[in-house]
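Dropping the structure in here first, questions after.
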Amino acid sequence: MQSFEFPTKITHGPGVLAGLAEELRALGVKRPLLVTDKGLVAAGVVNEVTGQLRRAGLDYVLFADVVPNPPIALVDGGTAVYRESDCDGLIGLGGGSPMDAAKAIGVTAVQGGSIRQYEWADPNPVTKRIPPMIAIPTTAGTGSEVTLWSVITDPERKIKYNVGGTPLIGAHVALIDPLLTLALPGHITAGTGMDALAHAIECYTMAYAQPFTDAVALLAMEYVGQYLRIAYAQGQNQEARYKMSMAAALGGMAYGVASAGAAHAMSQTAGGVRDVPHGAITARLLGPVMEYNYMGEPQRFARIAQALGEDIRGLSIWEAAERAVTAVYRLTADVGIPTLQELGFHEDDIPLLAELAANDPQTIGNPRDINYQGYVQVYQRTFDLGK
Ligand SMILES: [Fe+2]
């Protein structure tokens, strides 16, 4: 039995940020906690949002302490601010980290305790709806504005773990305004865009794929294939930015209600070992993971090649499936994704990284059986490609 349930109203298009106060009112929120990071304060984006709230006569409390790969203590600290300030709703403004932090603060705000207690398990410890939340992405990649997950770092265990997997944690509204992404630097456009592609590809090929996630995943791949290079080459191109924002949300809808696969099992666990950007590390691993996986689901990989714009007419199914792999390698190179070595990893790390990945729950749905040895093989290949 499978199901597809989705709790988020998606409002999208250039300028939709102007509707923020109205959305808060519709949700009955009078004093939101604005969860964001210092980079967005410095860039003036937070001012844009708070100015709007002030003009609408809405009170708010600013929590701009989010760091990349938000750790447990950060979330628990945010929840303390939420409580002490008598907030009644949340705004998650930023890339994946602030939006995930806002969702996690929502979980502990209604259920109490530390976010450490809410790692996904069966039965799921998340049992109550988070307070009304609006997610405003400022990158195009994570899809966190529409996913049912929050990824939290546990510095003690050196891992990132997932909270959620239930509509109870989904944002109530996603305000997706591509104008917020126009000024993103190229390397962030590249990493986050490839992350969106990874969500789509991993969900489309995993064991728990279903027609509803397949449909959105395929369009996400098409948009990335058509527009990521353009957004990277021409940051101010509004159409490319809008399509990449949609690709991120579509990828998030696929990933958000199911799970991912080996690339995310690897990138999330590696991200717990070394504080690297999630998009860049996922992007670097995606090609080698696909190279390992394609023989498990050749038809689906052939379809991915098509979605990415490859001409597969006259090819055998195996040749077409391989085209998906080479297309992703080409895209990875074109948008300048750093190597594992450039991200600070060493070949000596392989045994530890492979073991952590093998223990990650996302391994289960991977389209080709994979264990510790398989992860060693994929990591070795990824390092070799960086030489
Ligand atoms: Fe991701």
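Considering just Cα atoms, how many Å³ per residue does the convex hull of region 9-181 enclose?
99 Å³
Also, I was wondering about something else. Most fluctuating residue of 85, 245, 316 in a GNM of the chain with Cα springs under 10 Å: which is it?
316
Could you calculate the FRET efficiency of residue 84 with residue 299 from 1/(1 + (r/R0)^6), where r is the beta carbon distance between them and R0 is 51 Å, rounded to 0.05?
0.40
Using 5 Å bins from zero, what percent of all Cα-Cα pairs in region 149-236 falls into each bin?
That works out to 3, 11, 14, 18, 22, 18, 11, 3, 0, in percent per bin.
Mind listing the long-range amide H neighbours of residue 62? Cut-off is under 5 Å, sequence gap 5 or more, other chains count too, H placed in the peptide plane at 1.01 Å from N.
Under 5 Å from the amide H of residue 62: 34.
In addition: Most mobile of 122, 311, 100 per a Gaussian network model of the chain (Cα springs, under 10 Å)?
122
Please work out whether region 74-153 counts as rounded, prolate or oblate from its C-alpha gyration tensor, where a ≥ b ≥ c are the square roots of the eigenvalues and a/c under 1.5 means rounded, while otherwise a/b larger than b/c means prolate and anything else oblate?
oblate
Give me the net charge for the shell around residue 224: Cβ to Cβ below 11 angstrom, other residues only, Lys and Arg +1, Asp and Glu -1.
0
How do 5, 119 line up, fewest other C-beta atoms within 10 Å first?
Taking fewest neighbouring Cβ atoms as first place, the list is 5, 119.
Next question, about the same structure. Quick check on packing: order 137-143, 183-189 by the mean number of other C-beta atoms within 10 Å, highest mean leading.
Sorting 137-143, 183-189 by mean packing, highest first, produces 137-143, 183-189.
Here's something else I'd like to know. Hey, can you rank 338-344, 130-136 by average C-beta count inside 10 Å, highest first?
130-136, 338-344
Right, here's the next one. What do you get for the angle between helix 262-273 and the principal long axis of the chain? Use alpha-carbon atoms, 0 to 90 degrees, nearest ten.
60 degrees
In nm, what is the difference between 0.36 nm times the number of residues separating residue 317 and residue 76 and their Cα-Cα distance?
In short, 81.7 nm is gained.
Read phi for every residue in region 64-76 and hand back ³J(HN,Hα) as whole Hz from Karplus 6.51 cos²θ - 1.76 cosθ + 1.60, θ = phi - 60°, with x for Gly and Pro.
Calculated HN-Hα couplings, in order: 10, 9, 5, 10, x, 6, x, x, 3, 4, 5, 5, 4 Hz.
As a footprinting exposure proxy, order 246, 206 by other Cβ within 10 Å, with the fewest listed first.
The order, fewest Cβ neighbours first, is 246, 206.
Here is a further query. Pull out the extension gain between residue 67 and residue 214, defined as 0.36 nm times the separation in residues minus the alpha carbon to alpha carbon distance; nm, one decimal.
Gain in length upon complete extension: 49.7 nm.
Further, regarding this structure: If the limit is 27 Å between Cα atoms, which of 9/30; 243/387; 9/158; 103/243 go over it?
Pairs exceeding 27 Å: 243/387; 9/158.
Quick check: from the Cα gyration tensor, does region 193-329 come out rounded (a/c under 1.5), prolate or oblate?
rounded
Once both labels are modelled 7 Å past Cα along the beta-carbon direction, what's the residue 122-residue 339 spacing in nm?
4.2 nm
Among DSSP bridges having both ends in the chain, what percentage is antiparallel? Round to the nearest 5.
The antiparallel proportion sits near 25 percent.
Just the number, please: percent antiparallel of the DSSP beta bridges in region 9-181, rounded to the nearest 5.
25 percent
With θ set to phi - 60° and the Karplus curve 6.51 cos²θ - 1.76 cosθ + 1.60, what are the ³J(HN,Hα) couplings of region 371-384 in order, to the nearest whole Hz, using x for Gly and Pro?
Those phi angles translate into 9, 3, 4, x, 5, 4, 4, 5, 5, 4, 4, 5, 5, 4 Hz.
Taking the Cα atoms of the chain, what is the range of coordinates along each of the three principal axes, in descending order and whole Å?
Principal extents (largest minus smallest coordinate, Cα): 62, 43, 42 Å.
Moving on. Could you pull out every residue, at least 5 positions away or on a different chain, whose amide H is within less than 5 Å of the one on residue 154? Hs are placed 1.01 Å off N in the peptide plane, and Pro or chain starts have none.
159, 160, 161
Shifting gears a bit: Over region 102-226, what is the relative contact order in whole percent, taking alpha-carbon pairs under 8 Å and six or more residues apart?
24 percent
Residue by residue through region 150-157, which ³J(HN,Hα) values in whole Hz follow from phi under the Karplus form 6.51 cos²θ - 1.76 cosθ + 1.60 (θ = phi - 60°), with glycine and proline marked x?
10, 9, 10, 9, 10, x, 5, 7
Now a separate question. How high is the relative contact order of region 186-385, in percent, with contacts defined as C-alpha pairs under 8 Å that are six or more residues apart?
Relative contact order, region 186-385: 27 percent.
Each value in this text was obtained by applying a stated rule to the coordinates, not by laboratory testing. Treat the numbers as computed from the prediction; the structure is a model and nothing was measured. Quick reminder, even Gly has a Cβ in these numbers, built from the backbone with ideal geometry, and neighbours come from all protein chains shown.
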